[in-house]
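Asks: Right, I'll just put the structure down here and ask away after.
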Amino acid sequence: MKRVGGARQTKGHSYLSYVGIRVTNLERSLKFYQENFGLEEVARGDNSKFGMGVFVLLRDRRSGQKLELNWYPKESKYYVPFTVGEGLDHVAFCVDDIEEKFQRLVTRGAAPTDFGPEPPRSYCYVKDPDGNWIELYQRKKPIGKRIPKGY
């Protein structure tokens, strides 16, 4: 392992990409974060036809930090009644080698989920020891030194 900025770095590169939160009204939340914090919309998608939900990725122009707003219809297999304070949906990490990182996490105590395609895959989810969802995804281009604007 080598040190990067004082922290130990394991084999392969990865970075914290964004945090996703659940919202009850996507347009209201989008307006709130844009008007009050100046976040810009950089991606949007509707995965409800796959049993998931609708998302909007926002980015802070100054820090490069990203926030994903997730709304799930009641028909979604990921819908749960909203409880204030429990809106964390998932934390996402971009990795160089998704299969290697997935196997390493599972052998170190992460619980695999049934969400995501079978290998070879571009994304998947595991749960940390407290049950928080972690998304792993792999970009087509190798991880570079600059903060990406989108995912």
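The numbers here are math on the coordinates, done by the rules we state, and not lab data. Everything quoted here is computed from the prediction, not taken from an experiment. We place every Cβ from the backbone using ideal geometry, glycine too, and count neighbours over all the protein chains shown.
Asks: For Cα pairs less than 8 Å apart in space and 6+ apart in sequence, what is the mean separation divided by the residue count of the range 82-138, i.e. the relative contact order in percent?
Replies: In percent, rounded to a whole number, it is 41.
Asks: What angle, in degrees between 0 and 90 and rounded to the nearest 10, separates the Cα long axis of helix 98-107 from the longest principal axis of the Cα atoms of the chain?
Replies: So the helix axis and the longest Cα principal axis differ by about 80 degrees.
Asks: Report, in degrees rounded to the nearest 10, the 0 to 90 angle that the Cα long axis of helix 26-37 makes with the longest principal axis of the chain.
Replies: The angle comes out near 70 degrees.
Asks: What is the diffusion coefficient of the range 95-142 in µm²/s, taking the Kirkwood radius over Cα pairs and the Stokes-Einstein relation at 20 °C with a viscosity of 1.002 mPa s?
Replies: Numbers: Rh = 10.8 Å.
D = 198 µm²/s.
Asks: How many angstrom lie between the Cα centre of the range 100-137 and the Cα centre of the range 61-90?
Replies: 18 Å
Asks: Under a point spin-label approximation (7 Å from Cα along Cα-to-Cβ), what is the Val91-Ser122 distance to one decimal in nm?
Replies: Once both label points are built, they end up 2.5 nm from each other.
Asks: Still on this model: Under the definition of Cα pairs under 8 Å and six or more residues apart, what whole-number percent is the relative contact order of the chain?
Replies: 24 percent
Asks: Compute the whole-percent fraction of alpha carbon pairs in the range 25-81 spaced more than 15 Å apart.
Replies: 49 percent
Asks: Calculate how large, on average over all directions, the projected area of the Cα convex hull of the chain is; give the answer in nm² to one decimal.
Replies: Answer in nm², one decimal: 10.1.
Asks: Here is a follow-up. What does the charge count around Gly87 come to, taking other residues whose C-beta lies under 13 Å from its C-beta (Lys +1, Arg +1, Asp -1, Glu -1)?
Replies: -2
Asks: Continuing with the same structure: Taking the Cα-to-Cβ direction at Lys31 and at Tyr78 and moving 7 Å from each Cα, how far apart do the two end points lie in nm?
Replies: In this crude label model, Lys31 to Tyr78 measures out at 2.5 nm.
Asks: OK, next. Report, in deg cm²/dmol and to the nearest 500, the calculated mean residue ellipticity at 222 nm for the chain, where each DSSP H run with n ≥ 4 adds -39500 (n - 2.57) and the sum is divided by the residue count.
Replies: Helices in the chain give a 222 nm mean residue ellipticity of -4500 deg cm²/dmol.
Asks: Can I ask one more? Spin-label point model (7 Å from Cα, Cβ direction): what's the Glu100 to Asp130 distance in nm?
Replies: My value for the distance between the label points is 2.9 nm.
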